[in-house]
Structure formats: C-alpha cells, structure tokens
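Colleague: Quick one: this structure, given as structure tokens, is what I'll be asking you about.
Here, each number is a calculation from the coordinates, and none is a lab measurement. Please read these numbers as outputs of a predicted model, since none were measured by experiment. A quick note on method: Cβ atoms are made from the backbone with ideal geometry, for glycine too, and the neighbour counts reach across all protein chains shown.
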Amino acid sequence: MSALNLDDFADLIERPDGGVRRDAEDRRGRLAVPPGALGRLDELGEWLAAAQGSVPVKPVRQPKVLLFAGDHGVAGLGVSARAAGGGRRPVGAGGGGGGPLAVLARHAEVPVRVVDVALDCDPGTLPAEVGGHRVRRGSGRIDIEDALTAEEAEQAFRAGMAIADEEADAGTDLVVLGDLSVGGTTPAAVLVAALCGTDASVVTGRGGQPIDDLAWMRKCAAIRDALRRARPVLGDQLALLRTVGGADLAAITGFLLQSAIRHTPVMLDGVVSASCALVAQRIAFRAPDWWLAGQTSGEPGQAKAFDRLALEPLLAHGVTAGEGTGALLALPMVRAAAALAAELPVRELPDEKAEDDDTQDADAQDDGSQVADTEGAGTNTDPEPSA
C-alpha cells in the first residue's frame, strides 16, 4: 500500500461549478416567485445545482444516512451518560432500532447504513452488513495515550475513503452523516479546541444524554489533558487524528475528503462530524464547499466548528438525539429547494418577448410574399399570339 499523501487532496478537490451556480442564480431571477421570497431555499437550490453541475437542479432521489460507529477509551472516565463500550447497542438493533433516526428514516424512505470502525465488542455480535471496515476494538484513552497507532490511523482514513467511493459508485446523491459511539464528543471537542486555538471549557458540552456537573468537570479535565498532547502535532492532521481522535473520526475525515473528490454532497450532523470537517478543511480548503450543516444541536464545540467552517446550520431545533437525527430532519428542506428551483414557472423576459414578436412578424411577411409570388405565378401577362 502506497503512503498516504494528504497534500493530494488539496490538488484533487475542486469547488462546485461556479458557472453553473451563476446560471442557477440567473434562472432564479426569472422565476415567477420574487427573489428572496423563498429565503434559504433559494441558496440551497443554487448550491445543489452547482454540486450537481445541472440547471435546472435535479431531484435528490438517492439520499442515504451513513453512521460511523466506534467506541472511545476516554468514556471509561465517566465523561458520558452512557456506559463505556455501549455503542454496539443501537448497532445491534439495526442502526437506531426503534429510535428517532430509524423512525424518521423509515417515513422519509431513506436507507441507513452503519459502518463498524472501532466498536468495543466482538464483531460476531453485530449484523453482518455493518462489518468489513473494522480497524480495532475501541480507541485509546486520549488523555494519557494515543487513540491509534500510525498504521491504524491510515487504515481508518482509507476505510472512510473506500466507503465514499462505494456510495458514489452506488449512485448516492446526498449523504446525511452521523456517528454512533460512546465518548465520541470528547475527542471531537479536543479537535475543535486544538484547531480553533481555544480552551477546553469553551468547547466542553454535556452530550446527547446530558451529564451532571461532576461528569462535565471530568470531561473538561480529560479534554484539557488531551489538548496538551494535541498541540505538538497540530501541523500534521493524520498525526492529530492518531493522537487525540479515534478510528471513527479518522474514517469520517477520509470519507468527507473523498466525497468532495467524487462530488457527493454531505450534510453534517453533530459535533463529531463537525470536528472531522474541521480537520478535513485543514487538509483541503475547498472541501467545505461540498458540505451542508444540517442542524445546531447546542453543543458548544459544534457551534465553534461550524463558525470556523463558515457553515450556517439549516435548522435550530435543539435536537440532541445524535445518530444523524437532526441533519435528517433537514433533508425535506433540501428536497423542497430542489423541487422549487426546478419546477416553478420561469417568467418570459421582455427581450425574449420582443425577439419572439419580431420572429412572428418576419414569418408573417415571408408568408405574405410567398402568397403574392404564388398568385403572380398563376397570371399570364404575355400578349396573345397573333392569328
């Protein structure tokens, strides 16, 4: 296997087609509904057109929810409301089971794919369809040790790239990206704090199932200790993921970058996917143009990351259920934007009307001349021959 060169991503990732976006903006200006009347739906429709390279924009027909699953050793410190190693429970129930995500996905008719990257369990206890990309069993305790070895970090990163290729080849036209883990918000907060140059207390949230004050203080202390270990490797993003990330976070980062190369739009959900997007931005500055922020969950690290990425969340419902639930709620909004941009009637411009009138007049004149010629052709003006 050749060495992974992160600099290649900066060269390979292009922005969505600017010319197509201008064409989409021009078309929007000609719709019967006045500009601005549809709010952010206008912007969404133009973004989709540029990402698809198509005007009018095409419907979002094959979206998919993709969840990267992995547990984290730092959860053993009591930084989460769930027990360490508990990420396998929703996976074993079929990727959300009867939870909010499963209900919403079923009603939206959107498939859910779960990928086991580093769950802390025997892989034989999991459904067969989630396997094939496991890197290790759980990730290291980042406050005192590296999350991964160098080889494992690269393996996880490449696993994410491979999954991006699988989805692009399958025709997936929009990915709702989430995670399944216990303790994942702690390394995510470390990545955000390290890349934004801020203190642990600024990015430490209480998680999807809120923790009490004592657990919050333990979490803050773990993030602070991990930050000390992160700062020396800030210039090397793969080393950063190895040191204070985890196998699932490294895979998500690789997935985001390869999806941008394959022109697959991605909608981000919680602080975990947001933190990975921040790492990916450091690798390839054009990559965020392929992403949407689905929702704001109230996690301070997520808000900090989205602000640094210049991504404005589509929704602010305060959904903290995780597993991509909040971002999936924004999918109908994206689909509505595509439908409106493509199907609203286009007003006829004055220049075009005048051009049509001129064409009709010219056609009428041509018809009149042809009639006159025909009549003339039927009249004999030569003198009668003499007897």
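Colleague: Given the Cα atoms of the stretch 147-270, and with Rh set as the inverse mean 1/r over their pairs in the Kirkwood sense, what is Rg to Rh to two decimals?
Modeller: Numbers: Rg = 15.4 Å, Rh = 15.3 Å.
Across the stretch 147-270, the Cα-based Rg/Rh ratio is 1.00.
Colleague: Over the Cα atoms of the stretch 196-347, each weighted equally, I'd like the Debye log10 I(q)/I(0) at q = 0.13 Å⁻¹, rounded to two decimals.
Modeller: Treating every Cα as an identical point scatterer, log10 I(q)/I(0) equals -0.63.
Colleague: For the stretch 4-11, what does the Karplus curve 6.51 cos²θ - 1.76 cosθ + 1.60, with θ = phi - 60°, yield as ³J(HN,Hα) per residue in whole Hz, taken in order and with x for Gly and Pro?
Modeller: Computed from phi, the couplings for the stretch 4-11 are 7, 10, 5, 5, 4, 5, 5, 7 Hz.
Colleague: May I pose another question? Mind ordering 246-259, 301-314, 153-166, 63-76 by average Cβ neighbours within 10 Å, highest first?
Modeller: 246-259, 63-76, 153-166, 301-314
Colleague: Run lengths n ≥ 4 of DSSP H only: what is the helix-derived mean residue ellipticity at 222 nm for the chain, with -39500 (n - 2.57) per run over all residues, to the nearest 500? Before the final figure, lay out the partial values.
Modeller: Values: 16 runs with 191 residues, N = 387.
Result for the chain, helices only: -15500 deg cm²/dmol.
Colleague: If you don't mind, there's one more thing I want to ask. I'd like to compare 26-38, 265-277, 45-57: which one has the highest average count of other Cβ atoms within 10 Å, and what's the full order after that?
Modeller: Values: 26-38: 13.8, 265-277: 29.3, 45-57: 22.3.
Descending mean neighbour count gives 265-277, 45-57, 26-38.
Colleague: Separate question: What is the distance in Å between the Cα centres of the stretch 201-242 and the stretch 5-80?
Modeller: Answer, in whole Å: 29.
Colleague: Could you tell me the relative contact order of the stretch 90-226? Use alpha-carbon pairs under 8 Å, at least six residues apart, and round to a whole percent. Walk me through the numbers on the way to the answer.
Modeller: Working: 104 pairs, mean separation 25.0, N = 137.
Averaging sequence separation for qualifying contacts and normalising by length gives 18 percent for the stretch 90-226.
Colleague: For the stretch 177-218, build the convex hull from the C-alpha positions and give me its volume per residue in Å³.
Modeller: Details: hull volume 3.3 nm³, N = 42.
In the stretch 177-218, the Cα convex hull volume per residue is 78 Å³.
Colleague: Further question on the same structure: Mind checking the dipole of the stretch 100-187: about its Cα centre, +1 per Lys or Arg Cβ, -1 per Asp or Glu Cβ, Debye to the nearest 20? Present the calculation step by step, with values, prior to reporting the outcome.
Modeller: On the way: 7 positive and 17 negative charges, 55 e Å.
Taking the Cα centre of the stretch 100-187 as origin, the dipole is about 260 debye.
Colleague: Quick check of the Kirkwood formula: for the stretch 139-192, what is the inverse mean of 1/r over all pairs of different Cα atoms, in Å?
Modeller: Values: mean 1/r = 0.0752 Å⁻¹.
Hydrodynamic radius (Kirkwood, Cα only) of the stretch 139-192 equals 13.3 Å.
Colleague: Taking only the alpha-carbon positions of the stretch 1-75 and ignoring solvent, what does the Debye formula give for the base-10 log of I(q)/I(0) at q = 0.16, 0.19, 0.20 Å⁻¹?
Modeller: Once normalised to I(0) and log-transformed, intensities are -0.77, -0.89, -0.93.
Colleague: Calculate the tail of P(r) for the stretch 233-312: the fraction of all Cα-Cα distances greater than 17 Å, expressed in %. Walk me through the numbers on the way to the answer.
Modeller: Values: 1257 of 3160 pairs.
Counting pairs separated by more than 17 Å, the tail of P(r) holds 40 percent.
Colleague: Using +1 on the beta carbon of Lys and Arg, -1 on that of Asp and Glu, and nothing else charged, what's the dipole of the chain about the Cα centre, debye to 20? Could you put the intermediate results ahead of the total?
Modeller: On the way: 36 positive and 57 negative charges, 717 e Å.
About 3440 debye.
Colleague: In µm²/s, what is D for the chain at 10 °C and 1.306 mPa s, where D = kT/(6 pi eta Rh) by Stokes-Einstein and Rh is the Kirkwood radius from Cα pairs? Intermediate results must be reported in sequence, preceding the final value.
Modeller: Numbers: Rh = 22.7 Å.
Rounded to a whole number, D works out at 70 µm²/s.
Colleague: Let me have the relative contact order for the stretch 164-239, percent, based on Cα pairs under 8 Å that are six or more residues apart.
Modeller: Details: 43 pairs, mean separation 22.7, N = 76.
Across the stretch 164-239, relative contact order equals 30 percent.
Colleague: Something else now. With viscosity set to 0.890 mPa s at 25 °C, what whole-number translational diffusion coefficient in µm²/s follows for the stretch 96-181 from Stokes-Einstein and a Kirkwood radius over Cα pairs? Before the final figure, lay out the partial values.
Modeller: Numbers: Rh = 14.8 Å.
It comes out at roughly 166 µm²/s.
Colleague: Between the stretch 139-170 and the stretch 248-303, what is the C-alpha centre distance in whole Å?
Modeller: So the separation of the two Cα centres works out to 15 Å.
Colleague: Please compute the contact order of the chain in relative form: average sequence separation of alpha-carbon pairs under 8 Å and at least six residues apart, divided by the residue count, as a percent. Show your work: numbers first, answer last.
Modeller: Working: 762 pairs, mean separation 87.6, N = 387.
That works out to 23 percent.
Colleague: Let me see the pair-distance distribution of the stretch 189-242: every alpha carbon pair, 5 Å bin width, integer percents in order.
Modeller: 4, 22, 28, 20, 14, 8, 3
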